[in-house]
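Input: a single structure, listed below in structure tokens.
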Amino acid sequence: MNYERVNEIIKTYSVQDIRAAFRAVIPTKGVRIDKPNKIIPYIEGYANEKQEYFLVVTLDTSLKIIDVHEICKGLLDKSLVHPREVFRAAIIDSAKSIIIAHNHPSGNNTPSYEDVEVTKMMKAAGKVMGISVLDHVIISGNGYYSFQEQGEL
């Protein structure tokens, strides 16, 4: 691991550049995600952001990560997301399934009404497209909430 390079980037580059550096240090491709908590290391960099970010993790037929995509950057308390952007990433990656995720800048991991509705919408769109939505994870500086772990997906 090249810590000197990471430290150099932290001092001189943007948040996006820093995320790219950590992606280089922490490999994502090929990691098997068979439990909701296994996705956390690959999205926790968004936990303390001041704005919402909506992510999609694309998975192959063996539940191995293909890629982690930043779909949109939202407002202080919400992100505007549409299935076409989420599933575009999945289609380009030839994904069999996806995990959707976003952060809650407030630190409260409890899903909002909008979070529940987005989950339902993505699951329905995925069913039509033949791409399974395996989980929706909400992350913050206070931990995470998994719709799958809570039996809500």
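Quick note: the coordinates plus some simple rules give every number you see, no bench work behind them. All values derive from a computational prediction rather than experimental measurement. Every residue, glycine among them, receives a Cβ derived from its backbone with ideal geometry; neighbour counts consider all protein chains shown.
Here are the numbers for this structure:
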item: Percent of alpha-carbon pairs separated by more than 20 Å within segment 71-131; result: 28
item: Amide N of segment 115-153 lying under 14 Å from the label point, which is placed 7 angstrom from the Cα of Ile91 along Cα→Cβ; result: 125-131
item: Ranked list, fewest to most other Cβ atoms within 10 Å of each Cβ, for His69, His104; result: His69, His104
